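Enquirer: Here's a structure for you.
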Amino acid sequence: MAEHTIASPTCNPRLLDWIREMTDLCQPDRVHWCDGSDAEYEHVCNQMVRSGSFVRLNETLRPGSYLVRSHPSDVARVEKRTFICAPTQAEAGPTNNWKPPGPMKETLLSLFRGSMRGRTLYVIPFCMGPLNSAFAKIGIEITDSPYVVCNMRIMTHMGQRVLDALGNGPFIPCLHSVGAPLKPGQPDVAWPCEPDLEKKYIVHFPHEPSIWSYGSGYGGNALLGKKCLALRIASTIARQEGWLAEHMLILSLTSPRGQKRYLAAAFPSACGKTNLAMMQPSLPGWKVQCLGDDIAWIRLGPDGRLYALNPEAGFFGVAPGTSEKSNPHAVRTFAKNTIFTNVALTPDRDVWWEGMDVPPPPTLVDWEGQTWTPDSDRRAAHPNSRFTAPADQCPVIDPDWQNPDGVPLSAILFGGRRTTTVPLVCEAFNWQHGVFLGSAIGSETTAANTGQAGILRRDPFAMLPFCGYHMADYFAHWLALGAQTDPGKLPRMYVVNWFRRNDRGRWLWPGYGENSRVLKWICDRIDGTGQAQPSPIGNLPAPNALDLSGLNLHPENIRELLAVHKPEWRREAEGIRDYYDTFGDRLPATLRRELEALRQRLA
Ligand code: GTP
Ligand code: SPV
Ligand code: MN
């Protein structure tokens, strides 16, 4: 029998039954119901410091902060091992790994049997979205990872107040185990996990709904409120209920004249959402404030506009490349009360990573715990190393970021990493064309997923790894949502690309704060003052319509940044056609027509 550290703090019969059943299955030594208090957070952190999992960082330089190093096999999401177990394969669609739910349940039950032996089972009540929002969703994560407890405390609204709000209502069960039971007397390791990739399972049962995650303790594999609940499961719920769950940042942009607009942007993992969401505009007088950096729940408001809400409470941001220069507001955000995972440790117990823009000290401890010097021919921080920081520590957090109704969107941006072909910015002709552009987004893969980086793949709406149902039905859902309101009330849509390179491999665009120049043009377009010229792929900025004052870009660079080379685009259109063919008849006819129209404009 497991020892319970506190009496059950809920009377919810379904919850109590589920906890009892899972405790019997996983056979932990102890059960702990998380109350979400400061004292509990400190207690769990202290315990991890004592066990050697957490390194307490320098209290003066980095108050309340910790470093964790994961097992080298457990450093990113594992898309290959992520499954959507809808009743039929057709419901999951060709872009998801599908397995029949019955046999998958059997596999999982045998993996979870006794998986928490020697460990504590933590019950984490969490809420995605503000507790007072009609759109919030409550999940209960069971985990044997204290690291997950600490991260969920930052990333979600978590603890007793969630149970109080839940009452006897429904919740989404999320079961997680690192998959490393301990035999009696067996010493623990700093980062327990199942090192064999083939034995990791990130599984969704959308029709229940429920989430079962086994073998990994890292990021989206283990913090189940994020990609698993707020995107994969939420997207299936959203489809039924008529809204959208999207892999998007939300920001507000205020012009020098004081006009404030809200924008959302979908870029694939490690393609610039956190950086855009809290950027410091280089253009004088412009202000960006952040409402969210990864996920947006979007629905039609009573006034016919689209409203976006960030369901998260923290940032799980990419560390490398983040510096005072590239993202000063992120640097302030993780100044305290932050968990750093897989970055390097300095001799004075602070953090360091590549692209931090401060020279490394003569020696460091790298993310694998080895001594590192500037002469080492490997990276000190893992390319997918991350910080977990509370959103309200962001110096430019928008006052409306917890508005229970969300904020009305004026524009939606799509983007990705494209070395060639895709211009800096391009405007959709209308909603249908925007959905076409979003569905056709391609991006070079990054370290956020286990697998090779730098491979171009289609990543529609940046949702390839996160859409919980058939991708063609998802496209249809976007089209249908737009048809429900007055086109004049819909956000305008744009494709952006900060990552085009010249033929010597150098970035053509400085990016980061300079991206405000693109946002300004978008605002001008919405106002009706921005000049555009049509191209086969959409509206481009007219000559001189982009404010490039003080940038000192070579005119040749500017030309190439905005160039649409027809032969490249004919190849792109063929790539889109091949991709569309994988959806067969299920692809909305509207999108086929958009593709055909593009091909004719390119002829
Ligand atoms: P996820 O958290 O994985 O969803 O990633 P994200 O989309 O939030 O990406 P993030 O903003 O963390 O950026 C990922 C990497 O791209 C970092 O190393 C950044 O420094 C780099 N990056 C972000 N914006 C720009 C940009 O405008 N130009 C260039 N060249 N690099 C950028
Ligand atoms: C992403 O990969 O898009 C992330 C990081 O935001 S993770 O939470 O690990 O999914
Ligand atoms: Mn993400």
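Enquirer: Just wondering, is there one or more residues in region 480-487 that are of a type in the set (A, V, I, L, M) and either open to solvent by 10 Å² or more (accessible area, probe 1.4 Å) or in contact with a Ser or Thr (Cβ under 9 Å, 6 or more places away or on another chain) (or both)?
Expert: Within region 480-487, one or more residues are of a type in the set (A, V, I, L, M) and either open to solvent by 10 Å² or more (accessible area, probe 1.4 Å) or in contact with a Ser or Thr (Cβ under 9 Å, 6 or more places away or on another chain) (or both).
Enquirer: Quick one: in region 360-370, which of the residues that are touching a residue at least 12 places away in the same chain (Cβ under 8 Å) and more than 9 Å from Ala344 (Cα to Cα) is surrounded by the fewest Cβ atoms within 10 Å (Cβ to Cβ)?
Expert: Pro362
Enquirer: For Ala573, only one of the following conditions fails: (1) in a helix (DSSP H, G or I); (2) open to solvent by 30 Å² or more (accessible area, probe 1.4 Å); (3) without any contact (Cβ under 8 Å) to a residue 60 or more places away in the chain; (4) touching a Leu at 6+ places or on another chain (Cβ under 7 Å). What is its number?
Expert: (2)
Enquirer: May I pose another question? Checking Gly451 against (1) within 13 Å of ligand 1 (Cβ to nearest atom); (2) touching a residue at least 60 places away in the same chain (Cβ under 8 Å); (3) closer than 24 Å to Ala381 by Cβ, which single condition isn't satisfied?
Expert: Only one criterion in (1) within 13 Å of ligand 1 (Cβ to nearest atom); (2) touching a residue at least 60 places away in the same chain (Cβ under 8 Å); (3) closer than 24 Å to Ala381 by Cβ is unmet by Gly451, namely (1).
Enquirer: Restricting the search to region 398-440, which residues are within 16 Å of ligand 1 (Cβ to nearest atom), outside any loop (DSSP other than H, G, I, E, B) and not aromatic (Phe, Trp, Tyr)?
Expert: Passing the criteria: Ile412, Leu413, Gly415, Val425, Gly438.
Enquirer: Could you list, ordered by first residue, the pairs with Cβ atoms under 6 Å in which the first is in region 141-153 and touching a residue at least 60 places away in the same chain (Cβ under 8 Å) and the second is open to solvent by less than 10 Å² (accessible area, probe 1.4 Å) and polar (S, T, N, Q), at least 6 apart or interchain?
Expert: What qualifies is Asp144/Ser177; Asn151/Thr388.
Enquirer: Now for a different question. Is region 42-55 home to any residue that is in contact with a Gly (Cβ under 8 Å, 6 or more places away or on another chain) and surrounded by 20 or more Cβ atoms within 10 Å (Cβ to Cβ)?
Expert: No: region 42-55 contains no residue that is in contact with a Gly (Cβ under 8 Å, 6 or more places away or on another chain) and surrounded by 20 or more Cβ atoms within 10 Å (Cβ to Cβ).
Enquirer: Check Asp348, Asp294 and return the single one that is open to solvent by 10 Å² or more (accessible area, probe 1.4 Å), acidic (Asp, Glu) and within 16 Å of ligand 2 (Cβ to nearest atom).
Expert: Asp294
Enquirer: Residue under question is Phe135, and the condition is that it be in a loop (DSSP other than H, G, I, E, B), of a type in the set (Phe, Trp, Tyr) and touching a residue at least 40 places away in the same chain (Cβ under 8 Å); does it hold?
Expert: yes
Enquirer: Now for a separate question. Take the residues in region 500-513 that are of a type outside the set (Lys, Arg) and open to solvent by less than 40 Å² (accessible area, probe 1.4 Å); name whichever of them is nearest to ligand 1 (Cβ to nearest atom).
Expert: By that ranking, first place goes to Gly511.
Enquirer: Tell me, please, whether a residue that is in contact with a Phe, Trp or Tyr (Cβ under 9 Å, 6 or more places away or on another chain) and modelled with pLDDT of 95 or more can be found in region 556-565.
Expert: Among the residues of region 556-565, at least one is in contact with a Phe, Trp or Tyr (Cβ under 9 Å, 6 or more places away or on another chain) and modelled with pLDDT of 95 or more, which makes the answer yes.
Enquirer: Only one of (1) under 30 Å from Ala480 (Cα atoms); (2) open to solvent by 60 Å² or more (accessible area, probe 1.4 Å); (3) outside any helix (DSSP H, G or I) is not met by Leu540, so which one is it?
Expert: Result: Leu540 fails condition (2) only.
Enquirer: Please indicate, with yes or no, whether at least one residue in region 450-460 is open to solvent by 10 Å² or more (accessible area, probe 1.4 Å), touching a helix residue (DSSP H, G or I) at 6+ places or on another chain (Cβ under 9 Å) and closer than 22 Å to Leu229 by Cα.
Expert: yes
The values are calculated or read from the model by the stated rules, or taken from the named source; none is laboratory data. All values derive from a computational prediction rather than experimental measurement. For neighbour counting, all protein chains shown are included, and Cβ atoms are generated from backbone atoms with ideal geometry for every residue, glycine included. Keep in mind that these areas ignore ligands, DNA and RNA; they rest on the heavy atoms of the full protein, side chains included. Shrake-Rupley method; radii C 1.70, N 1.55, O 1.52, S 1.80 Å.
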